[in-house]
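A short worksheet on the structure shown next.
None of the figures in this text is laboratory data; all of them are computed from the coordinates on show. Quick caveat, the model's predicted, so the values are computed rather than measured. Here the Cβ positions follow ideal geometry from the backbone for every residue, glycine too, while neighbour counts run over all protein chains shown.
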Amino acid sequence: MTTTSETWAPPTEFAEDLKERYGLECPPRWGTPRNPARKSLGPKLWKVMEKLGAPPMPWQKYVTDVALELDENGVFVHREAGLSVSRQQGKTELILGLQVHRAMAWHRQNIIYAAQDRNMARQRWEDEFWEKISDSGLAKRARIRKSNGNEKILWPATRSRMGITANTESAGHGPALDLGIIDEAFKHEDDRLEQAFSPAMTTRPMAQLWWASAGGNTKSVWLNKKRAIGRALIEEAWKTGVWPGVCYFEWFAPEDMPRDDPATWYATLPALGHTVTEAVIAAELVKLDPAEFDRAYLNRTRKPTPPTDPNVPKAQWPGLVGEKWRPGGDVALAFDVSDARDYASIGVASLREDGRTHLELIDRRPGTEWLVPAVTRLTRLWRPLAVAVAGRSPAASLVDEMVAAGLRAPTLSDEPERGDLVVLRQGDMIEACGQIADAIRQGRVAHLDQPPLTGAVNDARTRRAGDAWTLDRRSSSRDISPLVAVTLAKWALAARAGAADDYDVADSFG
């Protein structure tokens with residue numbers, strides 16, 4: 001199974017097909033495509049949703065059309081459907097329509113719904129599901145049994161029933177199960193419900209397990225595992241063309257998409273412009289803690305807020321945002337690799353006309369295979385004073401490749417030249433960290449508030465190095481290579497200023 005990354009994207013024809021087929025202009029980042037060679041019961045479910053007073057939106061049509069595809073024997077292709085979508089997007093209406101369609105379409109269907117716990121399941125079952133059924137044209141076809149421990153919505157014509165269960169290991173035990181739904185999966189810290197539901201479905205040829213949730217946190221072990229599996233399955237299937245008997249759909253905004261940009265919302269919230277307005281999301285942005293907004297509406301996993309590190313002046317960072325800057329003089333480049341080697345970053349430092357040092361993240365991508373070509377290309381284009389890398393770091397393993405690609409690694413006796421590859425020793429790294437901390441506190445730097453760089457500043461941790469300190473990749477809660485890269489670039493700019501010719505880098509920008 002391949003390793004997934006948040007920056008992965010499906011082929012462009014996927015979005016084009018969804019727009020043409022369903023009018024969906026907000027495709028998921030990970031999603032199973034519709035197989036037009038197969039029949040689907042999706043359109044029949046859409047009619048049920050209409051009768052329940054919630055005509056399906058484009059995204060709901062897409063998800064159900066795929067999930068209810070039939071094989072040549074008239075059996076569901078997908079035994080499991082995973083749905084990871086933000087709040088207020090219409091997940092509840094889809095889940096209700098799914099249950100009612102199942103109850104009305106086949107005889108003696110056993111349908112079980114689970115939420116965070118039994119109390120929440122009952123509240124949604126009674127206050128939302130039953131209320132919408134009883135207010136619809138389907139009210140005469142159903143009746144409710146509210147006795148504690150035996151709650152059921154019954155469909156006498158088909159003798160099917162919609163029940164609820166608790167989040168326990170015994171959930172789903174008893175009669176064979178036709179449709180199991182695990183809602184609000186972010187609240188489930190283990191797989192006990194899945195383990196309880198699955199055996200009860202083995203003898204039912206049309207059985208399906210559905211799970212649905214917005215993003216969770218680091219304690220959402222089961223959801224995070226299911227999302228990772230779903231992403232990997234989709235990426236591998238697009239690569240091989242072999243699609244499994246599991247379908248998956250996830251709308252998600254990577255961290256480099258600003259939370260306050262409506263373009264991010266339109267790329268992440270499939271109900272925006274249908275049942276949700278920009279004004280509603282803007283109000284939520286103001287009302288909620290940023291991390292909670294990211295979880296609820298951008299479908300990001302909420303990470304614990306680390307304690308403030310006194311060595312990193314993150315409180316001053318927001319006040320140093322400057323306008324886009326085109327260097328007109330010397331620049332220095334630097335690159336760094338995350339501790340897990342899953343991301344790499346290139347940073348630049350240059351002197352602004354107002355005397356401040358401009359810091360910018362030039363590039364950040366998954367993996368490291370792209371890094372050597374990108375650094376060598378920028379070196380030829382910009383002729384920086386130096387290209388810096390920390391000697392005792394994950395990025396140091398790429399030094400030989402950089403040299404082989406044409407960068408010069410001078411000895412102590414060599415005269416400095418533009419584009420030299422400078423490898424910082426431990427003492428240099430400590431000096432660089434102190435310099436950038438002082439510069440931030442004193443307002444002598446400017447930046448563009450790029451989310452990966454700002455996030456690295458906010459979450460960076462440090463460790464002692466003798467009587468001083470240095471940035472610590474391992475204890476930081478996210479990839480801090482963007483911060484390390486600009487820290488090294490700033491050090492190289494100061495160390496090499498005036499040590500090379502008077503080439504004007506502005507010429508490189510045309």
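Quick notes
- Span-rule helices in the chain, defined as complete DSSP H runs reaching 18 Å or more along the axis (Cα) with Kyte mean at least 1.0: 481-496
- For segment 384-491, the direction-averaged projected area of the alpha-carbon convex hull comes to 7.8 nm².
- Neighbourhood charge, 15 Å Cβ-Cβ cut-off, centred on THR411 and excluding it, Lys, Arg +1 and Asp, Glu -1: -2
- Here is how the number arises for the chain: DSSP H runs of 4 or more residues each give -39500 (n - 2.57), the sum is divided by the residue count, and the result at 222 nm is -10000 deg cm²/dmol.
- The Cα atoms of segment 317-509 define a convex hull whose projected area, averaged across directions, is 10.3 nm².
- In the distance distribution for segment 6-155, Cα-Cα pairs more than 19 Å apart total 58 percent.
- Listed options for Rg/Rh (Cα atoms, Kirkwood Rh) are [x] 1.07; [y] 1.12; [z] 0.96. The value calculated from this structure is the one marked [x].
- Plainly put, segment 12-284 has a radius of gyration that is 0.94 times its Kirkwood radius, both from alpha-carbon atoms, as the Rg/Rh ratio.
- Taking the Cα centre of segment 382-452 as origin and assigning +1 to Lys and Arg Cβ atoms and -1 to Asp and Glu Cβ atoms, the resulting dipole is close to 180 debye.
- All alpha carbon pair distances within segment 274-430 were sorted into 5 Å bins beginning at 0; the resulting P(r) in whole percents reads 2, 7, 12, 15, 16, 14, 11, 10, 6, 3, 2, 1, 0, 0.
- Segment 445-502: trypsin sites (Lys or Arg not before Pro) falling in loop per DSSP and having at most 14 other Cβ within 10 Å: ARG474
- In terms of distances greater than 28 angstrom between alpha carbons, the cross-link table entries LYS19/LYS51; LYS219/LYS314; LYS219/LYS287; LYS61/LYS225; LYS19/LYS39; LYS187/LYS314 yield LYS187/LYS314.
- Electrostatic dipole magnitude of the chain [Cβ: Lys, Arg +1; Asp, Glu -1; Cα centre; debye, to 20]: 2460 debye
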